[in-house]
Amino acid sequence: MAHLIIDGYNLLGARGQIGRAAGGDAESTRERLLLELAAYRQRKMHPITVVFDGWQEGLGAEHREHRSGIEVVYSRRGERADQVIQRLAAEFGRDCAVVSSDREVADFAKAQGAFVIGAMEFEARLRAAPLAAPRPGLKPADQADPDLPRGPREKKGNPRKLPKALRRRNRRLRGF
C-alpha cells in the first residue's frame with residue numbers, strides 16, 4: 001500500500017480554492033480539504049501525509065500533527081513545502097505516490113522511484129464517488145474511447161491497445 005504525499009496548497013490551487021481569485025478563509029479551506037482526504041483514506045486505506053507551506057508565517061521548526069488519521073506537516077519558516085515533499089519522496093522512494101503539479105517536485109519524485117499524480121487528476125479521483133467495479137468488456141457502443149492512440153493505419157498490432165508506458169501508468173493509478 002503506497003504512502004500518499006500531497007502538496008496541500010497545490011491541490012487547493014488546482015481546485016481554485018486558494019489564491020487571489022478564491023478569497024475566503026485559508027484555515028477553513030484547509031480543514032475542508034482534510035475532511036475530504038480523511039473520507040478518501042477511509043475508502044482507499046492509504047496512509048496520507050499532507051504538506052502545507054509555512055515558510056512565510058510558520059514556526060521556527062517543522063510542525064507535524066495528526067487529524068482524522070492524516071499526518072499534516074507545516075514546513076518551518078524559510079522552508080517551502082516542495083522541499084519537505086522532496087525529502088519525504090527520497091525517504092519513501094518507490095513506496096510512495098506524490099500528488100503535485102509542480103514540475104520540479106514531480107521530476108524529483110520520479111527520479112526517486114515514486115509514482116506522481118497531477119493535482120487535477122487526483123482532484124477528480126478525490127471527488128469521484130466509490131463505484132462498483134466495472135465489468136470488463138462492457139462499454140456503450142456510441143461512446144468512443146478517448147485514450148486510444150490515433151495514427152496511421154499501416155501500423156501492425158492491435159490498434160486499440162494503449163502504449164506500454166500508458167498501460168503501466170494506468171495499472172499503478174488504479175490503486176488510487
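Go through ARG77, ARG20, ARG43 for me and flag whichever is in contact with a Pro (Cβ under 9 Å, 6 or more places away or on another chain), modelled with pLDDT under 90 and charged (D, E, K, R).
Numbers: ARG77 fails: in contact with a Pro (Cβ under 9 Å, 6 or more places away or on another chain); ARG20 fails: in contact with a Pro (Cβ under 9 Å, 6 or more places away or on another chain).
Going through ARG77, ARG20, ARG43 in turn, just one is in contact with a Pro (Cβ under 9 Å, 6 or more places away or on another chain), modelled with pLDDT under 90 and charged (D, E, K, R): ARG43.
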Inset, instruction - Could you list all residues from the range 71-90 that are in a helix (DSSP H, G or I) and closer than 23 Å to LEU34 by Cα? - result: ALA81, ASP82, GLN83, VAL84, ILE85, GLN86, ARG87, LEU88, ALA89
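Kindly indicate whether ARG30 is surrounded by fewer than 17 Cβ atoms within 10 Å (Cβ to Cβ) and at pLDDT below 90.
Working: surrounded by fewer than 17 Cβ atoms within 10 Å (Cβ to Cβ): no; at pLDDT below 90: yes.
It is false that ARG30 is surrounded by fewer than 17 Cβ atoms within 10 Å (Cβ to Cβ) and at pLDDT below 90.
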Inset, instruction - Tell me, please, whether a residue that is under 20 Å from ARG43 (Cβ atoms), touching a helix residue (DSSP H, G or I) at 6+ places or on another chain (Cβ under 7 Å), modelled with pLDDT of 80 or more and not hydroxyl-bearing (Ser, Thr, Tyr) can be found in the range 80-97. - result: yes
Legend entry - Given (1) more than 15 Å from the chain's Cα centre (by Cα); (2) under 30 Å from ASN170 (Cβ atoms); (3) in a strand (DSSP E or B), number of the condition ALA97 does not satisfy: (1)
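Answer with yes or no whether ALA124 is at negative phi, among the small types (Gly, Ala, Ser) and at pLDDT 85 or above. Talk me through it step by step, then tell me what you get.
On the way: at negative phi: yes; among the small types (Gly, Ala, Ser): yes; at pLDDT 85 or above: yes.
Against the criterion (at negative phi, among the small types (Gly, Ala, Ser) and at pLDDT 85 or above), ALA124 qualifies.
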Inset, instruction - Give me a count of the residues in the range 32-56 that are under 19 Å from ASN10 (Cβ atoms), in contact (Cβ under 8 Å) with a residue 40 or more places away in the chain and of a type in the set (Lys, Arg). - result: 0
Legend entry - Lone unmet requirement of (1) at pLDDT below 85; (2) in contact with a Gly (Cβ under 8 Å, 6 or more places away or on another chain); (3) part of a helix (DSSP H, G or I) for ALA38: (1)
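The values are calculated or read from the model by the stated rules, or taken from the named source; none is laboratory data. From a predicted model like this one, the values you see are computed outputs, not experimental measurements. Ideal geometry is used to build each Cβ from the backbone, glycine not excepted, and the neighbour counts take in all protein chains shown.
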